[in-house]
Amino acid sequence: MRVRFSTILALPLTVALVAAVSNGAAAQKPPAPTASPLPRTTGFPIPTRTEDGAPIPRSPGQPYAPRNLADRIVLTPGADPSREMAVAFRTDTAQASAQAQIAIAVDGPTLEEQAKTVTGITLPIDSSYGRALYHQLRFTDLTPDTVYAYRVKGAAGWSEWYQFRTAAAQAKPFRFLYLGDVQNGILSYASRVIRQAFLSHGDIRLTVHAGDLVGQRDDLDHDDEWGEWNQAGGYNYASVPQLPATGNHEYADLIAPDGSESRILGPYWHAQFALPKNGVDPVKATTYFVDYQGVRFIVLDGTAAIDLGAMQQQTAWLDATLASSTAKWNVVLFHQPVFTCARPKDTAKIKAAWKPVFEARKVDLVLQGHDHCYARLTSEAGREASAKARADGSVQGPVYLVSVTGSKMYGVNDRARTQPDRTAEATELYQIVDVDGAALKFRTYTASGKLYDGFDLSKGADGRNRLSEIAEPKIAERFCSGPRDASGSQTIGPDGGRCVAEFKD
């Protein structure tokens, strides 16, 4: 859904700022909110109809109105997650300030006896449900590799206690979850994939999202979509730190009076995620890096690079952030893929600017979304050339991944069956990555938990990787088949029903 520039309204976002209190400080009653020096966040008029005049559908039951207890509780890491974590949450307007309590976890029901009060900032946002308040707090001066419990406050009282473990101060084995576009069918379809990952693979320490967490520019009210996104992840999002990248659907289209198009970051991004502030201008809200137990995660904003003139700044920052990394593994996360499995052409601007940096700085994994298909690519020359190089003992450069979690699917392009090592069409997926010293294990699973793809990386003393295909049994590659319809899409899906993958021209 496009928004004309002339109808953009600045939301009445008088941001309340309360002095942050370290978790080591004495508990105290928070001071009254004061005017904030933070910049105002630009928002959108509440949509009621699509561009063609049709009513915008709402989530069944309209369940997402703010209330007097906290919801949408999302944990995010600090740049050093061994000593800092942050949390964002939502309430109705009766809870005027951001308050939380935190304590080192104990094994009996006495957490409140040692809990410290932490305060933070509050950002009002107007939506179709009326005004809501989003609160953000930072837990600082934490002890590495320690379990903490925290709770957050609504006007009616405290939430339940949530637990998280800080990262270790040094490299240590851990597991993370990688999700492609959640975006569509968020609660109805994507939720089962997310929950399958957490049910089947214990002790996930991080979740990384490759953009388009919601559809935002499509047919649902933005607030409903964020409500579904939070419900899909549930308490896992409050207990496991989330590392999100922006996709194009975190932005809205702007049509200027002269007819030119631009984009603006939606207001929920600023409110929903309390992210590290170590990125690069002019996209500090959407670029950042996190060092977690021997892995540096670098998050880029592909939309701002392609459409908003932020390519040069991000490229220089990417190179410098990789150059300064002392981590054994470097993982880069962004939305629009270097090598596409759905579109006719690769993402030319990103490919030209960032691929040389990935190769020169020996990036290990490049995690992406956007294409609504799956691809694992280890050589631009194709899967046969890649397999031969591995057999000859060649080192492995960056491994490029594209994946999708939600229900929106694209048909694969004419290169997808020969260039990537493994591809999937019309398939919801999640990825589990285990890091243990000089070994990295990557496994891709379908929505029902079937192993679909996987590889192991072994890092030598020279810092270069060698890739091994796994011997574990995998299901067959999944593609649509049968005659093509008028759009060029095949009609029979890999599960035997209709093909839901639409051809992307």
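Looking only at residues in region 377-388 that are closer than 15 Å to Phe455 by Cα and of a type in the set (A, V, I, L, M, F, W, C), which one is farthest from the chain's Cα centre (by Cα)? If we take residues in region 377-388 being closer than 15 Å to Phe455 by Cα and of a type in the set (A, V, I, L, M, F, W, C), then Ala387 is farthest from the chain's Cα centre (by Cα).
If you check Ser325, Ser262 for being touching a residue at least 12 places away in the same chain (Cβ under 8 Å), surrounded by fewer than 20 Cβ atoms within 10 Å (Cβ to Cβ) and in a loop (DSSP other than H, G, I, E, B), only one passes: Ser325.
Restricted to region 403-421, and to residues there that are farther than 15 Å from Lys345 by Cα and of a type in the set (A, V, I, L, M, F, W, C), the residue that is surrounded by the most Cβ atoms within 10 Å (Cβ to Cβ) is Val404. Restricting Thr119, Thr93 to those that are modelled with pLDDT of 95 or more and surrounded by 19 or more Cβ atoms within 10 Å (Cβ to Cβ) reduces the list to Thr119.
Considering only residues in region 379-402 that are outside any loop (DSSP other than H, G, I, E, B) and small (Gly, Ala, Ser), the one that is surrounded by the most Cβ atoms within 10 Å (Cβ to Cβ) turns out to be Ser386. Per the conditions (1) part of a strand (DSSP E or B); (2) surrounded by 14 or more Cβ atoms within 10 Å (Cβ to Cβ), the sole criterion not satisfied by Ala426 is (1). Scanning region 439-486 for residues that are among the hydroxyl-bearing types (Ser, Thr, Tyr) and buried (at least 18 other Cβ atoms within 10 Å of the Cβ) yields Thr444, Tyr445, Thr446, Tyr452. Taking region 127-143 as the search range and keeping residues that are surrounded by fewer than 22 Cβ atoms within 10 Å (Cβ to Cβ) and over 24 Å from the mean Cα position of the chain (by Cα), which one is modelled with the lowest pLDDT? Checked region 127-143; the qualifying residue modelled with the lowest pLDDT is Ser128.
The rows are residues; the columns are (1) closer than 24 Å to Ala304 by Cβ; (2) without any contact (Cβ under 8 Å) to a residue 40 or more places away in the chain.
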position	(1), (2)
Leu213	yes, yes
Gln216	yes, no
Asp224	no, no
Gly227	no, no
Val240	no, no
Ala245	yes, no
Glu250	yes, no
Leu254	yes, no
Pro257	yes, no
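Look at Arg138 and say whether it is of a type in the set (D, E, K, R), in a strand (DSSP E or B) and closer than 13 Å to Arg90 by Cα. The answer is no for Arg138. Candidates Asp126, Asp107: the one that is in a strand (DSSP E or B), over 18 Å from Pro244 (Cβ atoms) and assigned by TED's automatic domain parsing to the domain that holds Thr140 is Asp126.
Residues in region 196-226 that are on the phi > 0 side of the Ramachandran plot and surrounded by 18 or more Cβ atoms within 10 Å (Cβ to Cβ): Gly211, Asp212, Gln216. Condition first: more than 26 Å from Phe442 (Cβ to Cβ) and either in contact (Cβ under 8 Å) with a residue 40 or more places away in the chain or touching a strand residue (DSSP E or B) at 6+ places or on another chain (Cβ under 7 Å) (or both). Can you find one or more residues in region 189-200 that meet it? No, region 189-200 has no match at all. Looking across region 137-180, the residues that are within 30 Å of Val404 (Cβ to Cβ) and not hydrophobic (A, V, I, L, M, F, W, C) come down to Tyr162, Arg165, Pro173, Arg175, Tyr178, Gly180. Taking Ala274, is it surrounded by 20 or more Cβ atoms within 10 Å (Cβ to Cβ) and touching an Asp or Glu at 6+ places or on another chain (Cβ under 9 Å)? Spelling it out, it is not the case that Ala274 is surrounded by 20 or more Cβ atoms within 10 Å (Cβ to Cβ) and touching an Asp or Glu at 6+ places or on another chain (Cβ under 9 Å). Check off (1) touching a Pro at 6+ places or on another chain (Cβ under 7 Å); (2) outside any strand (DSSP E or B) for Arg376 and give me the number that stays unchecked. For Arg376, the exception is condition (2).
Counting residues in region 260-267 that are under 16 Å from the mean Cα position of the chain (by Cα) and either assigned by TED's automatic domain parsing to the domain that holds Leu322 or within 16 Å of Leu206 (Cα to Cα) (or both) gives zero.
The values are calculated or read from the model by the stated rules, or taken from the named source; none is laboratory data. Note that the structure is a prediction, hence the values are computed from the model and not measured. All Cβ positions, even for glycine, are placed from backbone atoms using ideal geometry, and neighbour counts span all protein chains on display.
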